[in-house]
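This report refers to the structure that appears directly beneath it.
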Amino acid sequence: MVPDTRTQARPDRLRPLNEPLPIEVMAEHDRPVAIVINRHTHRVERIQDTWIIEDEWWRQPIRRQYFALLLDDGAKRTIYHDLVTGAWRLQDY
Amino acid sequence: MPVVCLRIPWFALRIALLDQPQLDGRPLLLSNPQSGRAVVLDATPEALAKGIRPGMNLREASALCPTAVILVADPVRETTVANQVRERLEHLSPLVEPDAREQGCWYIDLKGLERHYGTSENATRRLIECVDPTLRARAGVAPGKFTARVAAGVATAGSIRVIALEEAPAFLAEASISWLPLPPDVIRQLERLGIPTLGAFTNLPARKVAARFGPAGREAWTLARGEDDRPVIPPPRTQSVREELAMPVPAVSREMLIIGLRQMVSRAFAKPELRGKHVRQVTLHAILEGERRSWERTLTLKEPCGSNRVVNALELRLQALEMTGPIEIVTLEFSGIVNEVARQAAFPLMGPRAAAPLTAAIHHLKHRYGLSPIYHVVEVEPWSRIPERRHALIAYDP
């Protein structure tokens, strides 16, 4: 385990991990049917799971619908649909 | 494309009648007599005609109608019957969507069924036949889901009300404001403002409705005008694992119940479907001894959990449980099944011996670049449901 260095934490030195990345998604009725990764379009073979998180309504509301996808090449990806802005993002959950 | 709304009004009461059909036609009340403050949860039209209203004290309701029969809700049976109806409907059409706000209400897209059954009425008749006649299902057929629901609401038991596209606005204009998908307090506010019908509601300017009632009000205003192009979207099929336990002796204490639950959780996680997996949600169904009574609790976990953490969470949740009767059968349903979430306790190379050279190397880098280019992972809000809030990198500066 890394020992505590007792260095004072500074917010500007904190770098969040696992930040969502923009992703191009083809959707039908708000459900993804294909996604583009590294300029390659992958068909969604199956939506393995979907769930909604709603949080922080008291400041900047967060409403996301996550989709755990199985792609046509066998890869698994987790994406979400931002229900506030309508944008799609790639993010491990 | 026409949409069918198949509806079973007073669903919980009709379910109770499946076992006692001789009570059909009598004033019936749905209540929770075991709880501290017993109130009327629902009432049939025969009971409503006597002046009984949902929310009323049970004693007051009994005084108003001494012949009223009090029935107790059986949520486990309601869910089972609702699932059975949905499965039967799905044999006829792949596009079946249960209403999110009302149990005992389904939307079915008639796409393709008209060709098979000749007319949309024939197809709808076939859908009604999927439901036990005791449940008194009825249907509405209209171009949109909202109009179909209102049409099903005015149809009588076993009948079909068809609303064509051109007659939808006039039909909706006469309908009660209570059909709007808005919270009950907003509906009461509208009634107090002298807006009893959808027609009166749509006469208000859209921007004023949006300003007063927000986006939900604006959407309701559009629906009330018959403008509804929402498609029928079947809910996704999620994998779940069920584990049932018939208690050797009816469980009367929380401790007995928890012993049974521990056994069930370990049995469930030994099954191939759950081995090496974590779950996000657990639903506990309990069927009580004797008369048909049941209760259920759903536990949504903050993050996917394995068997030990599921047991701890269940114990914590059941601490405040009030046992309303001896439990005969318990069922646990695990859903939101995901792969095991790994937790790295320590970086294997970071033993005490490796730390000293690393510290020296960081000092060298710091002298050269002015700051430490090595970061370490810290927990920020590990419990957060927002993934990017859980961990962060912070400069490692020994």
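A few notes on this one:
- Bins of 20 Å from zero: percent of alpha-carbon pairs in the protein assembly as shown: 17, 45, 29, 8, 1
- Within the stretch B:254-310, the trypsin sites (Lys or Arg not before Pro) that combine a DSSP coil assignment with at most 11 other C-beta atoms in a 10 angstrom radius are B:ARG275.
- With a simple spin-label model that places each label point 7 Å from the Cα along the Cα-to-Cβ direction, the separation between B:ASN203 and B:THR80 comes to 5.1 nm.
- Gain upon complete extension [A:LEU21, A:TRP57; 0.36 nm per residue less C-alpha separation]: 10.7 nm
- Gain in span if fully extended, B:GLU121 to B:VAL252, counting 0.36 nm per residue against the direct Cα distance: 42.0 nm
- Cα-Cα over 32 Å, subset of B:LYS50/B:LYS111; B:LYS111/B:LYS271; B:LYS145/B:LYS208: B:LYS50/B:LYS111; B:LYS111/B:LYS271
- For the stretch B:1-138, the ratio of Cα radius of gyration to the globular rule of thumb 2.2 N^0.38 Å stands at 1.20.
- Kirkwood-based Rg to Rh ratio, chain B, C-alpha trace: 1.09
- Both the radius of gyration and Dmax for chain A are 16.7, 51 Å, in that order, over alpha-carbon atoms.
- Counting every C-alpha pair in the stretch B:191-320, the share spaced more than 23 angstrom apart comes to 56%.
- Normalised by the number of residues in chain B, the mean separation of alpha-carbon contacts (under 8 Å, six or more apart) gives a relative contact order of 13 percent.
- Within 10 Å of the Cβ of each residue in A:21-30, the mean number of Cβ atoms contributed by other protein chains is 1.
- Among B:LYS366, A:LYS76, the ranking by other beta carbons within 10 Å of each residue's beta carbon, starting with the fewest, stands as A:LYS76, B:LYS366.
- Under 29 Å from B:LYS366, Cα to Cα: lysines that are on another chain or at least 8 residues apart: none
- Local net charge near B:MET247, Cβ-Cβ under 10 Å (Lys/Arg +1, Asp/Glu -1): -2
Throughout, read-outs are computed from the coordinates displayed, never taken from laboratory work. Please read all numbers here as calculations on a predicted model, not as lab measurements. A quick note on method: Cβ atoms are made from the backbone with ideal geometry, for glycine too, and the neighbour counts reach across all protein chains shown.
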